[in-house]
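Comments concern the structure below.
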4 protein chains.
Amino acid sequence: ELGEFVEEINIVKPEFVRSFEFESKLMPCTWIVVRLDGCHFHRFSEIHEFVKPNDERALNLMNTCAMAMLEEFQQDIIFAYGVSDEYSFILNSSSNLYQRRASKIISAMVSFFTSMYVMRWKDFFPQKQLNYPPYFDARAVCYPSRNILRDYLSWRQVDCHINNQYNTCFWKLVASGKSKREAQESLKGAQLQKKVEELAIDYNKLQIMFRQGSSVFWDEGNNIVAHQENGGSTGSNRKVVIEHCDIIGSTFWLEHPNILNEKQ
Amino acid sequence: ELGEFVEEINIVKPEFVRSFEFESKLMPCTWIVVRLDGCHFHRFSEIHEFVKPNDERALNLMNTCAMAMLEEFQQDIIFAYGVSDEYSFILNSSSNLYQRRASKIISAMVSFFTSMYVMRWKDFFPQKQLNYPPYFDARAVCYPSRNILRDYLSWRQVDCHINNQYNTCFWKLVASGKSKREAQESLKGAQLQKKVEELAIDYNKLQIMFRQGSSVFWDEGNNIVAHQENGGSTGSNRKVVIEHCDIIGSTFWLEHPNILNEKQ
Amino acid sequence: ELGEFVEEINIVKPEFVRSFEFESKLMPCTWIVVRLDGCHFHRFSEIHEFVKPNDERALNLMNTCAMAMLEEFQQDIIFAYGVSDEYSFILNSSSNLYQRRASKIISAMVSFFTSMYVMRWKDFFPQKQLNYPPYFDARAVCYPSRNILRDYLSWRQVDCHINNQYNTCFWKLVASGKSKREAQESLKGAQLQKKVEELAIDYNKLQIMFRQGSSVFWDEGNNIVAHQENGGSTGSNRKVVIEHCDIIGSTFWLEHPNILNEKQ
Amino acid sequence: ELGEFVEEINIVKPEFVRSFEFESKLMPCTWIVVRLDGCHFHRFSEIHEFVKPNDERALNLMNTCAMAMLEEFQQDIIFAYGVSDEYSFILNSSSNLYQRRASKIISAMVSFFTSMYVMRWKDFFPQKQLNYPPYFDARAVCYPSRNILRDYLSWRQVDCHINNQYNTCFWKLVASGKSKREAQESLKGAQLQKKVEELAIDYNKLQIMFRQGSSVFWDEGNNIVAHQENGGSTGSNRKVVIEHCDIIGSTFWLEHPNILNEKQ
């Protein structure tokens, strides 16, 4: 039996088969954004009974996974911003993770995130078992300058704001007895700002995480490392933190100059 | 507070930010292979005490995930072949999954697989908790013809065979008291076939899954669907099966003509 | 002076600068089409007083360049099809020209073609000097099978037919005294076949090159190479020929089985 | 005859055939370099009897073509640098030429350059007819910042310097009676700076164009456009100029701040 198999081995030509492989490399010295998005999360959130319009447990689970991402890819991911079932991870422009091969970066990151999501599920939804495997897709985009990268992040936070206004109005209408269809009709083309007032929603009282999304980054700690017992390596004071704040204006970035400070 | 934020919204220009996105589309009418590989699984298998050289539980977990993949992407994945911590999924040349966008295909597939891997872990390793999240990377390659696709699959199965011979010898040497370094030295450049004999390994007695890897595909069932009780839709007789067999020779493919039969 | 310059040399880091280069390789074992198109040839043809709707001299110049292309890239280009200011060159699926790097293939081909076009201009337009440099753009597309490649060629020949019908009607209307605008209006949405009859155009009497475009390929010659005086190498009997014929139906391809016969 | 043809038209599916086309777009807001290189110019320069190591006529022809390029693509090309049979064209980071499609940019540029080269040949080589069509290949590279773009240009100018030293030594050795092979041997691994002195070459007396290459750019003219007779539009004073100077140091760029001044 084996004899035949061994003969077959010789007719296989790995170089030929591998010549079809291609590497799409991300441009050096640009800021890489890897954005993850839940696949079919509309259905997933219904079946797993997420609170509407925002489920705190689900958001905290997402945030926990994001924080683990920064720990796992700590040489590379410098910032992350999340809202709903989406998370954007920013890689330093000087990062050489996987030699900047797009497929490898995208796949390893989405896989690690997903793995963590399933592992930690029970900590956030102790009463509710996973009915089927949740999954995410991911894509990479490069931005050639800090300013354009900040435009990207602003775009995501504006989206968070608009979606949250819409969803808050929508579920308020549904709570008031309208059908989902009627709620949708009533919001079509409406100025959300006015609708919020009309529906007597005290928007600024909503949890800030719902309004601003979540920003995850490294807090460099104070520089006085007096008596470090275990004699830890440099940077042992760094820790991953999460904030819910305006990342569109300059204030945040001026207060955290290290985040986008190219390491080159 | 909000007033300032609302002003900021107007300076964000989504079209500009989105102009940096790019789509890498996989060539139509070609066979897409998505190959997943465990990241740092050497360490993962040690920490989770996989049996060497082959851990049946780990392989069965991989196979279970692969079978779930065929169910989830049933319009698209027609065949899968796995060995060790690697799995190749073949998409039909006529597939239009995610409009053949590479990032989306790669990321959704690796994410679903990972999700299933973590969810089902406890069924295969009931005594052993996951210490940290396992993850995989993935890549896509296209092949323009059935013949070259079969060359690809042959290449993977030959690799399975060579690696299994090597690993079987290696761990036999270690079991006999050699250090890992000595075992490695003793196998450097050796003819594996001879080493197998020398070490009195009855290779053909090894479990066939270890020697041939695992092939997952749709069994179309018999065509006489006499009295289907629940009046199921067409194809309800299809089911995903797994076999451990030679996929290099023609026999397997002649016996399963439907697998690579382009649907066009 | 030089001293300073020499110091500067040392600060330049070629590997860094070259790390931004990328190669887009065309998939192996697929048929490559490189299609050239005149840039701003509407204006070019007016200024150089091309006869409308078809200028025989201009087409013959294009054909001459195409034939030279087959001679220059004789290991690679197996067929070419041209119409108006456009030409498609087909590279054998087994071609490894420039390791199938897209930029190099596209640029070298369009440059050679252009060079020949300008060099030979005076032979076809002896009375008319080039007023300014004509130029072409080019793109590459890959097709995974002979059948789809033939679909491509059929598409171009159908386009030739439709455009020729349209232009013949258009210029007949202009000749009859209508303004270009009126001619355009009168043809908008019209069934061209009917218009041709209505305008009493004896379409089949038009020169076949105008109706069918031009096909350029290698004629393998007869195989009896009795006494070759200069002792030429194998294949010395091959010569490039041009025909104006139907390439949509099977007849042409059955009569010339060598053209698309993969060399592998 | 036509009847059959008309039937054939209906079976052609342009959308299908076009689905194989792909666009490789160059990243927005990055500096695009299109570098042209002579194909087989070693042979071309021998057959057309170029003076060695540098042929002034050939370089002036290249420069003339480069200047025409800036005129033709005047919204886009802001600078060009040439040496030997190579020329690099820099497109503004804000350029949207052909929607930044790589194939189109590369092909149109190399085609225009080639066209001009052949048209103007006789002005620089009046005694020598073109024996066969010269041609060039081309590639595009993007750089995300002005600094890295300047690194690129420095790299090219250093290359110019090194090659010119080498070639000057080589041809001096050949002139002194050595064979080409001997000359090559004698220079292998040598420190060029020393060799130049050893061979008593007064390097700084060599024509500056040979030593520094050629830089082509827009001279914005003086800003006092008092009484412009034809009421020309802004910028009518701009003209393309050529200089042979150090572009590695800062001096040149400080003196010409407009060149790399993003237009955004």
Worksheet entry | Number of partner chain Cβ atoms within 10 Å, mean per residue of A:138-147 | 6
Worksheet, complete the sentence: From fewest to most C-beta neighbours within 10 Å, the residues A:SER94, B:SER214 line up as A:SER94, B:SER214
Practice prompt. Going by the rotation axis that takes chain A to chain D, pick out the residue of A with the closest C-beta and quote the gap in whole Å.
Written response: A:PRO144, 2
Worksheet item: Put a point 7 Å out from Cα along the line to Cβ at B:GLU49; what are the distances to that point in the other copies, in nm, shortest first?
Response: 3.7, 8.8, 9.5
Worksheet entry | Distance (nanometres) between label positions extended 7 Å along Cα→Cβ at C:LYS128 and D:ARG43 | 3.4
Fill in: Using a 7 Å Cα-to-Cβ projection, A:PRO126 label spacings across copies, nm, ascending
2.5, 9.7, 9.9
Worksheet item: With labels modelled as points extended 7 Å from the Cα through the Cβ direction, what inter-label distance (nm, one decimal) is found for B:VAL241 paired with B:ALA175?
Response: 3.2
Fill in: Using a 7 Å Cα-to-Cβ projection, B:ALA200 label spacings across copies, nm, ascending
8.4, 8.9, 10.5
Discussion item. As a footprinting exposure proxy, order D:ASP37, B:ASP202 by other Cβ within 10 Å, with the fewest listed first.
Written reply: B:ASP202, D:ASP37
Worksheet item: Most mobile of B:ALA138, B:ALA175, B:ALA66 per a Gaussian network model of chain B (Cα springs, under 10 Å)?
Response: B:ALA175
Response to the item:
Of the listed links C:LYS180/D:LYS104; A:LYS52/A:LYS122; A:LYS104/B:LYS25, those spanning more than 27 angstrom between alpha carbons are C:LYS180/D:LYS104
Worksheet item: So which trypsin sites (Lys or Arg not before Pro) in the stretch B:52-147 are both in a DSSP loop and have at most 10 other Cβ atoms within 10 Å of their Cβ?
Response: none
Worksheet item: In the protein assembly as shown, what is the volume of the convex hull around the alpha carbon atoms, normalised per residue and reported in Å³?
Response: 306
Worksheet, complete the sentence: Put in order of increasing Cβ neighbours within 10 Å, starting from the fewest, C:CYS39, C:CYS169, C:CYS65, C:CYS245 give C:CYS245, C:CYS39, C:CYS169, C:CYS65
Worksheet entry | Overall Cα dimensions of chain A, principal axis frame, Å, largest first | 77, 59, 39
Worksheet entry | 222 nm mean residue ellipticity, helices alone, for the protein assembly as shown (DSSP H n ≥ 4; -39,500 (n - 2.57); rounded to 500) | -13500 deg cm²/dmol
Discussion item. How shielded is D:31-41 by partner chains, expressed as the average number of their Cβ atoms within 10 Å of its Cβ atoms?
Written reply: 2
Item to complete: Can you tell me the FRET efficiency between A:GLU198 and A:GLU255 if r is taken as the Cβ-Cβ distance and R0 is 41 Å, rounded to the nearest 0.05?
Response: 0.70
Worksheet item: Pick from B:PRO134, B:PRO144, B:PRO14: which is most flexible by mean-square fluctuation in a GNM of chain B where alpha carbon atoms under 10 Å apart are linked?
Response: B:PRO14
Item to complete: For the stretch B:134-216, just the Cα atoms, rotate onto the principal axes and tell me the three extents in Å, largest first.
Response: 48, 30, 24
Fill in: Volume per residue of the C-alpha convex hull in the stretch C:7-140, rounded to whole Å³
150
Item to complete: With springs only between Cα atoms under 10 Å apart, run a GNM on chain D and tell me which of D:LEU59, D:LEU97, D:LEU187 wobbles the most.
Response: D:LEU187
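Here, each number is a calculation from the coordinates, and none is a lab measurement. Bear in mind the structure is a predicted one, so any value in this text is a computation, not a measurement. Reconstructed Cβ throughout: ideal geometry from the backbone, glycine too, with neighbour counts over all protein chains shown.
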